[in-house]
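S.K.: Here it is, the structure, as structure tokens.
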Amino acid sequence: MKLGFVSAILDTWNYEEMMDFASDHGFECVEVACWPQGKAERRYAGVTHIDVEHLDDGQAARIKDLCRARKVEISSLAYYPNVLDEDENSRRAAESHLKKVIDASRKLEIGMVTTFIGRNHNKTIEENLEIMKKIWTPLLRYAEEREIRIA
């Protein structure tokens, strides 16, 4: 087992500063926050240490190089939206960004994305389970096709 943390707690720091902190304090891994750029609606949501929207091969190489130099592994890319949100626009935006996080995990050779299953507060547990199957089945298929695990 490796000791790490979720980078969202360092919400005002950039990727390099966050990785320096991890290395300087003996952490072996980091779950890196990958929210879309913009204003957070709640604490720790909206933290972006890796901008998956604009991740190109050069940026991916720099991220991996810094991991090697600092001897800190990225254990997963983190994005915790509510993909079961009752608002269809919010839900679709969350699903779309989650796919970008999955693609970034593949590009960075991480193999793991951590997220939130979601919940519609106006539905029963049984109704939420039905919605979950409808939304998560294609998302999980998308991840599996890219050899990415979802936790």
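The values are calculated or read from the model by the stated rules, or taken from the named source; none is laboratory data. In this text, all values refer to a predicted model and were calculated from it rather than measured experimentally. Here the Cβ positions follow ideal geometry from the backbone for every residue, glycine too, while neighbour counts run over all protein chains shown. All accessible areas refer to the heavy atoms of the entire protein, side chains included, with ligands and DNA or RNA removed. Shrake-Rupley method; radii C 1.70, N 1.55, O 1.52, S 1.80 Å.
S.K.: What pairs can you find where one residue is in the range 131-151 and over 16 Å from Ser96 (Cβ atoms), the other is open to solvent by less than 100 Å² (accessible area, probe 1.4 Å) and of a type in the set (Lys, Arg), and their Cβ atoms are less than 8 Å apart, with a gap of 6+ or different chains?
M.R.: That search, which allows pairs on different chains as well, returns Ile131/Lys123.
S.K.: Count, please, the residues in the range 1-36 that happen to be free of Cβ contacts under 8 Å to residues at least 24 places away in the same chain and out of contact with any helix residue (DSSP H, G or I) (no Cβ under 8 Å at 6 or more places or on another chain).
M.R.: The number of residues fulfilling the criteria is 5.
S.K.: Residue check: is Arg119 assigned to a loop (DSSP other than H, G, I, E, B) and either surrounded by fewer than 18 Cβ atoms within 10 Å (Cβ to Cβ) or among the aliphatic types (A, V, I, L, M) (or both)?
M.R.: Yes.
S.K.: To continue, here is another question. On the given criteria, is Ala93 under 26 Å from Asp56 (Cβ atoms), open to solvent by 20 Å² or more (accessible area, probe 1.4 Å) and either small (Gly, Ala, Ser) or touching a His at 6+ places or on another chain (Cβ under 9 Å) (or both)?
M.R.: yes
S.K.: Please identify the pairs in which a residue from the range 91-119 that is without any contact (Cβ under 8 Å) to a residue 40 or more places away in the chain has its Cβ atom under 6 Å from the Cβ atom of a residue that is part of a helix (DSSP H, G or I), counting only partners at least 6 apart or on another chain.
M.R.: Pairs that qualify, where the first residue is without any contact (Cβ under 8 Å) to a residue 40 or more places away in the chain and the partner is part of a helix (DSSP H, G or I), are Val113/Val101; Val113/Ile102; Val113/Ser105; Arg119/Asn128.
S.K.: I've got another one for you. Under the condition of being β-branched (Val, Ile, Thr) and touching a strand residue (DSSP E or B) at 6+ places or on another chain (Cβ under 6 Å), which residue from the range 100-147 is farthest from Gln59 (Cα to Cα)?
M.R.: Applying the filter and picking the extreme gives Thr114.
S.K.: Consider Glu86 against the criteria (1) among the charged types (D, E, K, R); (2) within 17 Å of Asp103 (Cα to Cα); (3) surrounded by fewer than 16 Cβ atoms within 10 Å (Cβ to Cβ): it satisfies all of them except one. Which criterion is unmet?
M.R.: That leaves (2) as the condition not met.
S.K.: Tell me, which strands (runs of 3 or more DSSP E) lie completely within the range 1-109 with 2 or more residues that are of a type outside the set (Phe, Trp, Tyr) and farther than 19 Å from Arg146 by Cβ?
M.R.: Strands (runs of 3 or more DSSP E) meeting the threshold: 4-6, 29-33.
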